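This report concerns only the one structure given below.
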Amino acid sequence: MDLSRFDMFYIDHEVLDSPLIKRIKSILPVEKTKVVSKIPFSDSKGDLSKSEFDRSKKNIFFTKFKGSFFKRCPGARPGLSCCNYFVLNLGLQCDMNCSYCYLQSFINTPLMTVYTNIDEAIEELENLKLIHEKDNFRIGTGEVIDSLSLDDLTLYSRQLIDFFKTVPNWKLELKTKSSKVDHFLNLGPAKNVIASWSVNPQYIIESEEHGTASLKNRLLAAKKCLDSGFSLSFHIDPMIWHPEWKKNYSQLVNEITQVFSPSDVLVLSVGALRFQPEQKAIMRERFGFKSWVTRAEVFPSSDGKLRYDKKLRLEMFDYIVKEFKDKNPLWNIFFCMETPETWLKSTFKSLPKSVHGLKELFDHKIIKNTENRLSLRN
Amino acid sequence: MITRYLGDCNKSYDFKPLVQWPSTLPFFCWDDELLCGFDTKIKNELQIVINLKSSETQMADVLAFIYPQLTLPELARLYTKLKVIKEIKDWGHFFSLYKIRFCENLISTLDILVQTPISFQLWVSQKQIQARELSPLKCISNFVDIEPFLNKFLELNLTRSQGIQVLELLIELIEMKISKEVLHSLMNGSPNSIHVKLMEMRYPLATEKQNNVQNKLDNIFKVTGVEALSRRYGDKSGVEVKFFSETNKDFQQRLNSLNKWYETNKDQDWI
Ligand code: SF4
């Protein structure tokens, strides 16, 4: 793996004996590695400035996570339909650099953190398994860190895949914009492990998703996963308006459908650009106005986030749904992080739970029960 | 109490405080640097000034004692003057005395704010604008482009919230390379119309769609006593219908006319 893009690797002295550090210490460049007893740059307070945020992407801190690894997806809020799954946070911050990334309004830690105690995360899962082995759980690791961009260093996916193979009813989603899959392919088949890509037209990747894998490489990695017996999902999210959006998204649909058929893809979701108003300032500073995200015509929506005009969103969703359905009517698409109204007005004319094949993904009953049990434990 | 004469004091900390130092109050200094009354026209160079520097006091506390309230531009000017002399070691403490969190974001805002025209700084002081509300200033790539607009800001008579929005829109439009001539032409008229014109320029697609709906309405919506307007509320755009009724009968009549109109036009693409 290429470690040259990082400025420094800080290791919390408390985790020197962790299996991860023992394994990777010899890989880390000596001149860039430092053992510390305090979080570096922790004197800075408040929201991160542009330079602090940029720095946080180039410095990794290996430490232990103190707390519960298992959390509910942030999309699950009143008034917001969501795929409502659980998240396992194995780190914080991302080494790639998308202009719209929500971490810009979320992170206030001065460096990228990788938690070394994955064994404890797996132990938590083992405990849940005792009660919920038969339930249909869906768990993702890519909420506040990309699931795979550092995985060729940590190899966490391998441990997780090994565990999930013992609980076939549960699904593990490894969500990424990288193409790093080679190191776990030999663990397949594992149909309950979903290798999942956010995809966008190559034009948008180049203008907005800096440091990520090209569309070609993402699709290539997805094909390798499919061939090795993993499940796949694609998230065309966020769709970004630009003058050539129809042509470019149509091309994207072509590229996906040329390689994959509906039966290859477990979940295909679509979402449009959205971000918290307070994210605007740092995005403007970091990406200027060449970006289609900072230039976007966005307005406050009912949940407080800035979004495109609702009619434009519907037009974009309908367009992409039609493009897929024209290729093959069996393509099933759902909208993530959208309001129920958008669902109803879109091509589907129904809420997610009533869309064929999606019921299981939106089963709030299981989630409620689990939450209750988790809160009893804490 | 250590004192010195006014004539022996330097004025290099003069950060142009907005309120003139009352001549009835004593004057203070920190060693040989005057801390207040910079612009007092005192003829007598022998005026006594109290030196507040001591081993027990911190300059930050002394300043907060002399100036319990300062606006953001005053703080920016003061910070710029003092950061070079390194007398204040803990800026976090200094700004906490003004209930402001000291962080890199604040520093960069203050650094830009002191470069803005003094009339703009005055507007910021008058409207008590906060550092976060000035964040658009930080994305300016070429300060010369925005300066003429900031110079005019005070004269525009914008309310606080209009001003914050106009500032953001202006900076975004400048950074989106809209020509200065075009922008200057928008900066005339009432504060409200300036805001509307800038919004239209910043959101051209949405504006065009909204105008198209209004044009259609102007052509087809003919209901006596009822007005139909193309409107946007947040991310939703649509048609707002307005009428006024004095009586039940009147109200019923409007509804009937509206219904009749709707039945005739419901298949047209008008909303
Ligand atoms: S890949 Fe995801 S987490 Fe990383 S910068 Fe892009 S949006 Fe953020």
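The values are calculated or read from the model by the stated rules, or taken from the named source; none is laboratory data. Since we're looking at a predicted model, the values are computed, not measured. Every residue, glycine as well, gets a Cβ built from its backbone with ideal geometry; the counts of neighbours run over all protein chains shown. The area values use the complete protein model at the heavy-atom level, side chains included, leaving out ligands, DNA and RNA. Shrake-Rupley method; radii C 1.70, N 1.55, O 1.52, S 1.80 Å.
General observations
- Taking 0.36 nm per residue of separation and subtracting the Cα-Cα distance, full extension of the segment from residue A:223 to residue A:14 would add 71.2 nm.
- Label zone at residue B:242 (point 7 Å along Cα-to-Cβ), backbone N below 17 Å, region B:197-213: B:211
- Region B:130-188 and region A:269-293 have Cα centres lying 20 Å from one another.
- Accessible area ranking (1.4 Å probe, heavy atoms, ligands and nucleic acids excluded), largest first, for B:21, A:197: B:21, A:197.
- Gyration tensor (alpha-carbon) shape descriptor, the protein assembly as shown, a/c threshold 1.5: oblate
- Separation of alpha-carbon centers, region B:195-234 and region B:24-92, rounded to whole Å: 55
- Annotation: residue A:98 carries an accessible surface of approximately 10 Å², with a 1.4 Å probe and no ligand, DNA or RNA atoms counted.
- Where B:2, B:100 fall by accessible area, highest first, once all protein chains stay in place (1.4 Å): B:2, B:100
- Dipole of region B:195-258 [Lys/Arg +1, Asp/Glu -1 at C-beta], most positive-end residue of B:241, B:228, B:196: B:196
- Residues in region A:258-277 that a label on residue A:191 would reach, taking backbone N under 18 Å of a point 7 Å out along Cα→Cβ: A:261-268
- Stokes-Einstein translational diffusion, region B:213-265 - Kirkwood Rh over all Cα pairs, 1.567 mPa s, 4 °C, in µm²/s: 108
- Counting charges near residue A:9 (Lys, Arg +1; Asp, Glu -1) among other residues having Cβ under 10 Å from its Cβ returns a value of +2.
- Residue by residue, region A:99-110 carries 3J(HN,Hα) couplings of 4, 8, 3, 6, 4, 5, 9, 10, 7, 10, 9, x Hz when phi is fed to the Karplus relation 6.51 cos²θ - 1.76 cosθ + 1.60 (θ = phi - 60°); x denotes Gly or Pro.
- A 1.4 Å probe, protein heavy atoms only, puts the accessible area of residue A:327 near 100 Å².
- Lys, Arg +1 and Asp, Glu -1 on Cβ, resulting dipole of region B:1-107 about Cα centre, debye, nearest 20: 260
- Near residue B:207, once Lys and Arg are set to +1 and Asp and Glu to -1 for all other residues with Cβ below 12 Å from its Cβ, the sum equals 0.
- A simple count of charges around residue B:71, restricted to other residues whose Cβ falls under 14 Å of its Cβ and scoring Lys, Arg +1 and Asp, Glu -1, yields +3.
- Segment residue A:109-residue A:303, extension gain: residue separation times 0.36 nm, minus the distance between their alpha carbons: 67.3 nm
- Once all protein chains are placed together, residue A:135 keeps about 50 Å² accessible to a 1.4 angstrom probe.
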